[in-house]
Amino acid sequence: MNQKALGIIILILITSFIITGRLFYLQILDKKYKDLALKNAVKKEYIIPERGYIYDRHHKLLVSNLPVYDVMAIPKQIKAFDTIEFLKYTGIDKETLIKALKKAQKYSRNKASLIIPKLYKNEVALLQEKIYKFPGFFIQRRAIRQYHTQSAANVLGFIREVNEKELKKDPFYMPGDLIGKAGVEKSYEKVLRGKKGVKYFLTDKFNRKISSYQNGKYDTLAEVGKDLDISIDIDLQSFGDSLMQGKRGAIIAIEPQSGEILALVTAPSFPPAFLSGRNSSKNFNKLFRDKVDNPLLDRGLQGEYPPGSPFKMLNGLIGLQEGVIQPGTAFVCNHGFNYGRHNHMFCHCGANGRKVYLPWAIEKSCNTYFSKSYLNILNNYPTPAEGLDVWHNYLARFGLGQYLHTDLPVGSKGFIPDSKFYDRYYGKGRWAASYTISNGIGQGEVLTTPIQLANVAAAIANRGYYFTPHIIKKIDGSQKAIDTFYLKPKQTVIDQKYYEQIIQGMAAVYKNGTAKYSRLNDIELCGKTGTSENKTRIDGKIVKLPDHSIFMAFGPRNKPQIAVTVFVENGGYGATVAAPIATLMIEKYLRGKITRTDLLNRVLNTDLSEIYQIKAPKNNEKQ
Amino acid sequence: MKNSRKAGIFDYDWISVLLFNLLVSIGIISIYSATYNETQTHILQSFYGKQALWFAFSYVLIIFISFLSLKSIKNNASLFYLIGLILLILVLIVGANINGNKSWFRFGSFSIQPAEFVKLLTVLGLAKLLTEPEFKITRYKNLLQATALILAPVFLILLQPDLGSAIIFLSLFLVFYRDGLSIVYYLLSFLIATLFITTIYFGQTKILISVMAIFIIVNLMTYVKFKKIYWLQTLFILSLSIITILGTNFVFHNILKPHQRNRIEIVLGKKKDDKGTGYNLKQALIAIGSGGLHGKGLLKGSQTKGDYIPEQHTDWILTVIGEQWGFFGTLTVVLLYTFLLIRLVFLAERQKQKFSKILGYGLIAILFAHYALNMLMVLGLFPTIGIPLPFLSYGGSSLWAFTLMLFIFLKFDAHRIEDW
């Protein structure tokens, strides 16, 4: 063959070789293009399942879902439209519309923006019919929470759009998804939210769907969120709300034999629907900024207060278990007693120099008896430090001074001092038991949350054990999925017989003691009043405020069905406000009705808002 | 052995005809999947339907060619060339303006791109010129004449402007090589092209220094070996190189248009532009690359179905093949072209008459340029220019022009032993 023809053939072959080599590289060696093609063309679309409903312990519906309609618009597609007609159909004013459209325009011309959020079905009906008159606008359905109660906002919590942090933490969420932010909505988020379905689509270069990807081979169905039955008795809860009108504080009611929380009232509060619906963001900010009433604080779970006299029950129990006091043990009380050269513990039990024995000491809340018991517990050991740590450990078995680990997302530890605390304060070995004497009567360094104290009441009612307080009763109609942590009893390591002695005293409190005016005629209750001192700083001066009113109770004595703790901030004597509230809660729960209407009226007519005004003068000025 | 029977349509080289049919068929299937649309109503409104119709009509052309007198083709070749030039002038005057290019004659809903047919007409003119008695390509006067003959349509096409087609015409210089022009011209052109590209890539000074260094080393080596310095040759090549290097920036920044600069820089990897000019290329590479070894199957290509590559049924048809049939598919197409081109070289070589041999090489040059530049462009090895893949890409003008060119040559080949 001609040499030049051969040259041309070689040129052809070299070119084809280069092309083949490049194709080989692209199609076989370089693997990245497969992913790129999928990323390009296959788009996921999530199907958001309906969120689970929430019921109370008697399967009364508390929370369901309500469809609402968002009016959306894609600015690029909007053509001139009859504004007046649009405003008529939607019921919004012109300024709002112009503002929303400007904002949408600024965000993106091609993407849909929210113009009017959360219209209800009847509000959107007119527009839905005439939407064809407004090109670029469309209506999008979504669900918000619908509440069938005015109560229990702190328990139910609320849902909002996920934030950046939550998006990063859990890949389940996409921007715009809703997530539980408080209450059971938060702690049972994974149960309530269900499982998203996924649909894969092939899309074209304009992101328009062409068809399902591989005939839906990889698609998954959405799973509806599971329903919850919570342990709250909603009637009891809202009854508690009404009792707390005009007061600050908390009521906790627990079923002792299960640890289920029957009522978790915090005051002041707000209706749960306040954080759902059209104004939820505005409302949330309002609540968040209210540092005077602090309605977002769950006082039942987070409030830390000196427990006062109910704490004496614990010192009694520990003293009995430690053997430092016995049924026959008596202390002389003469309006209190002197400990050390200059220190006097006051007492108002009225013994006037007589001997004080155990049940009576509870009945009359004798400070002498319990502070002496406390000193004996500590001094029973070579050093007060060792004794204090033994005491501390007993209290830890009741869940005090640490998180209770309820299944609600908030809580506080409270405080129970140990030897390290005083070592740091006074120096190691440089303090005596008497330095800490206020702990004996539930003052001093000791702090508890209302739910911790309610749990103590439940442990006493059970004579020695408790179930960690929890809000869950059933998941998807069954108890199987409940965390076994809540189903196992926790022992307090104090013998049952010692409980009986304490309970005898607590029953006497209702019969002849500090709560005798609150007693119920045919149900034997046990209780203990408490009055804890508190101070605040106003204009640089320490001002003593009215005492917190505290009451701890359970009943009936022999077959306890409910244990209650009531804290009323600055409510005065435990007997005046807290005891009637606790008794009314118990009666409401046990009988379903109130016979002590006198008590009820007294509680309803107690309004402490004037006292609260003193507490926060600064904030009031600002407002 | 003398064949007394006059050659007919069945004496056409069957291998070439087979390859032609295979390529067009692959093209129609690819166009079908590139433009597939579930709501399509009428087959003749679809792209693949139209392409099939034009394929059928190309057989009318083939039959028409079989009635043509070879002698009259040869004798009127100069006239054909002139008609070609007139068509190119006419399209500048009365052509439809599509995307800023005046490349099309429009007859109602039907339009024709004259440049496609002018390729054949120019080849005929070239064959006529090169077969003139006393014509010698090695003679400068004749070389200049032949060069002018090629550059005339190139100039007119650049006025449209249609850079792609213009570049295709330059491939006709390959014919000169077969006609006896020294390879030195081609090597020098290759040198200029290489220097142009490397200068854009590495910058003027770096290339200037390296070129100097290379010349010193080469001269030293030749001196050591032959004890002699080739002053004249060295000086010539050196000055050509320096002019090229110094001229590169001027040509690049002052003569090339911004979009052309962009395309060169994208191929050189100096610029990333996935949204603008580089978008097509990026999507093309994704389509081809994601095809893998055996492809995703007919109508299964997500890139193709998503219409990610504009013009995927015309210039970028290789992406459809690459995505749906993978490496097997693209290799098949490459092999079909390679076979066809080499077969055509064999056919050209067996011509008794110079006219048909030049015609054959003209066809080979243009076909080769289309095939090579289109594929290199789609694969990101050559700047994006709008030229179709012969026989495969959608478009009546292109298909008919290539059919005419191929079958006129095949007719000459069939009658090669006859005295026409």
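The values are calculated or read from the model by the stated rules, or taken from the named source; none is laboratory data. Predicted model only: the values in this text are computed from it and were never measured. So basically every Cβ, Gly included, is an ideal-geometry build from the backbone, and we count neighbours across all protein chains shown.
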*Right, B:Val60: more than 21 Å from B:Leu406 (Cα to Cα) and not hydroxyl-bearing (Ser, Thr, Tyr) or not?*
no
*Do we find that A:Lys528 is surrounded by fewer than 16 Cβ atoms within 10 Å (Cβ to Cβ) and not in a helix (DSSP H, G or I) in this structure?*
no
*When residues of the range A:394-410 are filtered for being over 21 Å from A:Pro384 (Cβ atoms) and either surrounded by fewer than 19 Cβ atoms within 10 Å (Cβ to Cβ) or among the β-branched types (Val, Ile, Thr) (or both), how many remain?*
6
*Of all the strands (runs of 3 or more DSSP E) wholly in the range A:277-347, which have at least 3 residues that are surrounded by fewer than 19 Cβ atoms within 10 Å (Cβ to Cβ) and without any contact (Cβ under 8 Å) to a residue 40 or more places away in the chain?*
A:336-339
_Among the residues that make up the range B:198-215, is at least one of them part of a helix (DSSP H, G or I), within 14 Å of another protein chain (Cβ to nearest Cβ) and without any contact (Cβ under 8 Å) to a residue 24 or more places away in the chain?_
no
*Keeping to the range A:389-431, report how many residues are of a type in the set (A, V, I, L, M) and in contact with a Gly (Cβ under 8 Å, 6 or more places away or on another chain).*
5
*Take the range B:375-399 and flag every residue that is more than 10 Å from chain A (Cβ to nearest Cβ), surrounded by 21 or more Cβ atoms within 10 Å (Cβ to Cβ), in contact with a Leu (Cβ under 8 Å, 6 or more places away or on another chain) and closer than 23 Å to B:Val175 by Cα.*
B:Ile387, B:Leu389, B:Pro390, B:Phe391
*Could you tell me whether the range B:250-265 includes any residue that is part of a helix (DSSP H, G or I), free of Cβ contacts under 8 Å to residues at least 60 places away in the same chain, more than 14 Å from chain A (Cβ to nearest Cβ) and β-branched (Val, Ile, Thr)?*
yes
*Determine which member of the set A:Lys94, A:Lys76, A:Lys60 is over 22 Å from A:Ser280 (Cβ atoms), without any contact (Cβ under 8 Å) to a residue 24 or more places away in the chain and surrounded by fewer than 19 Cβ atoms within 10 Å (Cβ to Cβ).*
A:Lys94
*asked:* Just to be sure before I move on: is B:Leu298 in contact (Cβ under 8 Å) with a residue 60 or more places away in the chain and touching a helix residue (DSSP H, G or I) at 6+ places or on another chain (Cβ under 7 Å) in the structure I sent?
replied: yes
*Taking A:Ile131, is it farther than 30 Å from A:Asp407 by Cα and surrounded by 13 or more Cβ atoms within 10 Å (Cβ to Cβ)?*
yes
*Tell me, yes or no, whether the range A:235-248 has at least one residue that is of a type outside the set (S, T, N, Q), within 14 Å of chain B (Cβ to nearest Cβ) and touching a residue at least 60 places away in the same chain (Cβ under 8 Å).*
no
*asked:* I'd like to check which helices (runs of 4 or more DSSP H) are fully inside the range B:272-357 and have at least 1 residues that are within 10 Å of chain A (Cβ to nearest Cβ), under 22 Å from the mean Cα position of the chain (by Cα) and under 20 Å from B:Leu19 (Cα atoms).
replied: B:317-349
*Give the range A:43-97 a look and list any residue that's out of contact with any Phe, Trp or Tyr (no Cβ under 7 Å at 6 or more places or on another chain), modelled with pLDDT of 90 or more and among the hydroxyl-bearing types (Ser, Thr, Tyr), or say none.*
A:Tyr53, A:Tyr55
_Test: residue in the range A:3-18 that is more than 9 Å from chain B (Cβ to nearest Cβ) and polar (S, T, N, Q)_ = yes
*Failed criterion for B:Leu238 (all others in (1) in contact (Cβ under 8 Å) with a residue 60 or more places away in the chain; (2) away from chain A (no Cβ under 11 Å) hold)*: (1)
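To keep it simple, each residue is scored yes or no on (1) closer than 18 Å to B:Val123 by Cβ; (2) of a type outside the set (Ser, Thr, Tyr); (3) in contact (Cβ under 8 Å) with a residue 24 or more places away in the chain.
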residue	(1), (2), (3)
B:Ile9	no, yes, yes
B:Ile29	no, yes, yes
B:Ala34	no, yes, yes
B:Ala52	no, yes, yes
B:Val60	no, yes, no
B:Leu85	yes, yes, yes
*Take the residues in the range B:131-184 that are of a type in the set (Val, Ile, Thr) and under 17 Å from the mean Cα position of the chain (by Cα), then tell me which one is farthest from B:Ala115 (Cα to Cα).*
B:Val175
_Only listed residue being modelled with pLDDT under 95, in a helix (DSSP H, G or I) and of a type in the set (D, E, K, R), chosen from B:Lys6, B:Lys102, B:Lys50_ = B:Lys50
*Check A:Ile179 against each of (1) outside any loop (DSSP other than H, G, I, E, B); (2) among the hydrophobic types (A, V, I, L, M, F, W, C); (3) modelled with pLDDT under 90 and name the one condition it does not meet.*
(3)
*asked:* Which condition from (1) touching a residue at least 12 places away in the same chain (Cβ under 8 Å); (2) aliphatic (A, V, I, L, M); (3) within 12 Å of chain A (Cβ to nearest Cβ) is the one that B:Leu406 breaks?
replied: (3)
*Could you check how many residues of the range A:443-460 are closer than 14 Å to A:Leu314 by Cβ and not in a loop (DSSP other than H, G, I, E, B)?*
11
*Of all the residues that make up the range A:191-211, how many are of a type in the set (Gly, Ala, Ser) and either more than 14 Å from chain B (Cβ to nearest Cβ) or outside any strand (DSSP E or B) (or both)?*
2
*Being at pLDDT below 90 and over 25 Å from the mean Cα position of the chain (by Cα), is that true of even one residue in the range A:577-599?*
no
*Take A:Val155 and decide whether it is at pLDDT below 90 and touching a helix residue (DSSP H, G or I) at 6+ places or on another chain (Cβ under 9 Å).*
no
